[in-house]
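Presented below is the structure to which this report refers.
The values are calculated or read from the model by the stated rules, or taken from the named source; none is laboratory data. A quick note: this is a predicted structure, and the numbers were derived from the prediction, not measured. We place every Cβ from the backbone using ideal geometry, glycine too, and count neighbours over all the protein chains shown. For the accessible areas, the whole protein counts, side chains as well, though only heavy atoms, and no ligand, DNA or RNA atoms are used. Shrake-Rupley method; radii C 1.70, N 1.55, O 1.52, S 1.80 Å.
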Amino acid sequence: MASVHINNIAKAYGAAKILHDVAVEIENGEFVVLVGPSGCGKSTLLRMIAGLESVTAGEIRIGEKVVNDVLPKDRDIAMVFQSYALYPHMTVAENMAFSLILKKTEKREIADKVERAAEILSLKPLLERFPRQLSGGQRQRVAMGRAIVRDPQVFLFDEPLSNLDAKLRVTMRAEIRTLQQRLRATIVYVTHDQVEAMTMADKIVVMKDGRVEQIGAPLDLYDDPDNVFVAGFIGSPSMNFLNVTVGSDGTLSVGNIPLQKPITMPSLRSSNVQYGIRPEHIDIDEGGVPLDVVVVEPMGSETQVAGKLGGQDIVCVLKDRIKARPGDILKIRPQADKALFFDSESGKRLR
Ligand SMILES: Nc1ncnc2c1ncn2[C@@H]1O[C@H](COP(=O)(O)OP(=O)(O)OP(=O)(O)O)[C@@H](O)[C@H]1O
Ligand SMILES: [Mg+2]
């Protein structure tokens, strides 16, 4: 396995600039997840690593080697796409062996590699079946098997689980993670799924409009986001943002509702402050502030309550079962030590 160094790369299609100055260091054996809104450039970046797109500026290195001008087939990378397109007329074993046959690998070695991949992926009983005789999750595993037999330096995955149902996704998530640990594989993985990103990644790269917003371990991004975008993007349901006013004595209020005890933080000015609080960091408290309840969603293990605080939208995830109904007033209390502050103009975190 190898490390991947993405040094300040840019991508443009004619006049359209898609990626700007993207820099990411991926260590050998690391599981890196790319997230960001649709169109932010995740697949483009992945395809550039694979060599399927040219590099407009900057440098990509795999291990020590600069690969900007290396053909995809010579990069020793295996990519698994969202639509994993198995060859329908080939059995599972033939699908997995195909790339090795093309490379004119010796028969014995092909058989060994297919056998080993089938073992890892629990596909042994299915080797003689055709893709149409497999479930979605089994097909997904065959697609991974095709990647594994190649013993690549790096695996690239572009939303590989998005076609699967929720339950199968959970199983496959665990399988990919186990697989990664067993092979000590270097993986770059694109997903839209929050839970996938949080649970699988050693490191998450948050992208927006072709730029990297922040890179970090999942819980570091969750606890310590650099800006409003990352704070709102990581975590589900997402962080609440309230426009607050900061009094000269450091009191915070939403509309005319005082939100918490005065705080002394030099970077807070009276205007242009956004107050960020995660839904799970809000408690029921008789002495708290009034929430006008709009929607109550009992989830069994918790209750989600959406409402208005001083006229602004806020969502709470409460551990208790709540009897409140739309139109009621609930007294709530954001956990003061969990609140984050952002400059409303730049979106930057105030510390
Ligand atoms: N061949 C191309 N020519 C011109 N523009 C392109 C081309 N391929 C992609 N783009 C543009 O580049 C931008 C990034 O696309 P990309 O597919 O990388 O986004 P993404 O982050 O993977 O989005 P999604 O989450 O929807 O898959 C988009 O605005 C897209 O329209
Ligand atoms: Mg994409």
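Take the Cβ atoms of ASP112 and ILE329, set R0 to 56 Å, and the FRET efficiency comes out at 0.25.
A simple spin-label model places the labels of ASP249 and ASP21 4.4 nm from each other, with each point 7 Å out along Cα-to-Cβ.
Ordering MET79, MET48 by accessible surface, largest first, gives MET79, MET48; the 1.4 Å probe counts only protein heavy atoms, with every chain in place. Grouping the Cα pair distances of region 240-350 into 10 Å bins from zero gives a pair-distance distribution of 15, 47, 28, 10, 0 percent in increasing distance order. Comparing PRO37, PRO88, PRO334 in a Gaussian network model of the chain where C-alpha atoms under 10 Å apart are linked, the largest mean-square fluctuation is found at PRO88. One chain, two ends: GLU94 and ASN272. Fully extended at 0.36 nm per residue, the span grows by 57.9 nm beyond their Cα-Cα distance. For region 33-71, applying the loop criterion from DSSP together with a ceiling of 13 other beta carbons within 10 Å to the GluC sites (Glu not before Pro) yields GLU64. Local charge for ASP220 was computed over the other residues whose Cβ lies under 12 Å away, with Lys and Arg +1 and Asp and Glu -1, and equals -3. Computed from the C-beta positions of ASP69 and GLN194, the FRET efficiency with R₀ = 30 Å rounds to 0.25.
Heavy-atom accessible surface of LYS103, to the nearest 10 Å², is about 130 Å², with a 1.4 Å probe and all protein chains retained. In loop segments of region 94-201 as defined by DSSP, the GluC sites (Glu not before Pro) with at most 13 further C-beta atoms inside 10 Å of their C-beta are GLU106, GLU128. Computed on the chain, the Cα convex hull volume stands at 164 Å³ per residue. Taking each of LYS167/LYS319; LYS17/LYS73; LYS73/LYS124; LYS11/LYS208; LYS42/LYS348 in turn, the alpha-carbon distance tops 18 angstrom for LYS167/LYS319; LYS17/LYS73; LYS73/LYS124; LYS42/LYS348. Hey, what angle do you get for helix 92-102 against the long axis of the chain, alpha-carbon based, 0 to 90 degrees rounded to 10? The helix 92-102 is inclined about 70 degrees to the chain.
Rolling a 1.4 Å probe over the protein chains gives ASP193 an accessible area of about 40 Å². With K and R counted +1 and D and E -1, the other residues having a Cβ less than 12 Å from that of GLU196 yield a net charge of +1.
Extension gain for ARG211 to ASN256 (0.36 nm times residue separation, less C-alpha to C-alpha distance): 12.4 nm. Cα centroids of region 29-89 and region 215-282: 36 Å apart. Relative contact order of region 237-300, taken over Cα pairs closer than 8 Å and 6 or more residues apart, is 34 percent.
Amide H contacts of LEU34 (H built 1.01 Å from N, in plane; Pro and chain starts excluded): TYR189, VAL190, THR191, VAL205 sit under 5 Å, all sequence-distant by 5 or more or on other chains.
Using only DSSP helix segments of four residues or longer, with each worth -39500 (n - 2.57), what per-residue ellipticity at 222 nm results for the chain after dividing by its residue count and rounding to 500? That comes out to -7000 deg cm²/dmol. Count Lys and Arg as plus one, Asp and Glu as minus one, and take only other residues whose Cβ is under 9 Å from that of VAL294; the net charge is then -1. What the Cβ-Cβ distance of SER122 and ASP283 gives, at R0 = 35 Å and to the nearest 0.05, is a FRET efficiency of 0.20. Loop-located GluC sites (Glu not before Pro) in region 257-351 (DSSP state other than H, G, I, E, B) with a sparse environment of at most 14 neighbouring Cβ atoms within 10 Å: GLU345. Against the chain, whose longest principal axis comes from its Cα atoms, helix 166-183 is set at around 60 degrees.
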